[in-house]
1. Ignoring chymotrypsin sites (Phe, Trp or Tyr not before Pro) that are buried or in helix or strand per DSSP, and keeping those with at most 10 other beta carbon atoms within 10 Å, what is the longest stretch of the chain between them?
2. From the Cα gyration tensor of segment 99-220, with a ≥ b ≥ c the square roots of its eigenvalues, which class applies: rounded if a/c is under 1.5, or else prolate if a/b is larger than b/c, or else oblate?
3. Can you give me the orientation-averaged projected area of the convex hull built on the Cα atoms of the chain, in nm²?
4. Of the lysine pairs in the chain, how many meet both conditions: Cα atoms under 24 Å apart, and a spacing of 8 or more in sequence or different chains?
5. If a paramagnetic tag sat 7 Å from the Cα of residue 137 along the Cα-Cβ line, which residues of segment 155-170 would have the backbone N under 18 Å from that point?
6. Mind listing which trypsin sites (Lys or Arg not before Pro) in segment 75-179 are in a DSSP loop and have 14 or fewer other Cβ atoms within 10 Å?
7. Grab the beta carbon distance between residue 22 and residue 204, set R0 = 35 Å, and tell me the FRET efficiency rounded to 0.05.
8. Measuring from label point to label point, each 7 Å out along Cα→Cβ, what is the residue 254 to residue 15 span in nm?
Amino acid sequence: MSEKPSLGKQLLYQLLCLFIAFTVIFPILWVAGMSLDARNINRPRELIPPQVSLQAYQRVIGQPTKNPVTFLELARNSLLLAGGVALASLLIGVTAAYVFARFDFRGRKTLMMAVVTVLMLPSIATIAPLFVMLNRVQIPVGDVTFNLRNSLLGVGLAMTSSALPFSIWNLKGYLDTIPRELEQAALIDGASFNQVFFSIILPLARPALAVTFFLGFMSGWTEFAISWQFLTDPKSFTLAMALWNMVGQFSGDTPWSAFAAMSIMIAAPVTIIYLLLQKQIVGGLVVGSVK
């Protein structure tokens, strides 16, 4: 049996944990206090503001920036983008991962190495070629020409190409842990390959599907670089783009109370979803990496 650490070591560990918790929680409390500060000053020194007000949240909900777009319209665009990227990368990724995990075909290892190579490539490096390629897709619709690059659909396609390699790699690692004997038994009982996939594989892979969807949704919800380079119409802007538009040229030009309120409202949905699905997300990440 291992010896218990001494009282001094236990106190040291507790102090270390408290220090780490303080460094993580303090900035969040500072931003929350700044969003409730009615003075709207540049650098508030009090963690709890002397004058509490919800004016910053009211301003953000009405019109967060000078662009004629409301918070609900920005949230709708971010939700469509994040949900579309997460769903597309999940549907395509799970089918590709199942093929890599269960079938042995020529070029399988080469394709998997290609997936890993693309996974290591930062998405910011693909902006230029994606911009040129999507900008060429222009469809005349009446008197207006639809430009695929200057649309949420084009941004979603660009982001899906970046999220798909991770989806394939993460789901393949989890599918490898599912015993093949379950599929063989189902096939012997007369089930088709589609029935095996939808009735056995997908239910068993639910933790990995949940974490893959969540990570894809989070990347789409907080995405900024591709949207900022592709979109020009304020009606198509996302929450992350609106948050950037609130930053002034100097610190005195930035409405810090509204900026803090906007930051909290953007981070709150993802945080709540993570707290509700924390066990499934952690389980999907851990089990998929251990065979």
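1. Longest gap between qualifying sites, sites excluded: 106-249.
2. Verdict is prolate for segment 99-220.
3. 24.0
4. Lysine pairs meeting the criterion: 6.
5. Zone members listed by number: 155-165.
6. Counting only loop positions with at most 14 other Cβ atoms within 10 Å, the trypsin sites (Lys or Arg not before Pro) in segment 75-179 are 106, 136.
7. 0.30
8. Label-label distance for residue 254 and residue 15, simple model: 3.5 nm.
Each value in this text was obtained by applying a stated rule to the coordinates, not by laboratory testing. Model, not experiment: these values are computed from the prediction. Methodologically, a virtual Cβ is constructed for each residue, glycine included, from the backbone with ideal geometry; neighbour enumeration extends over all protein chains shown.
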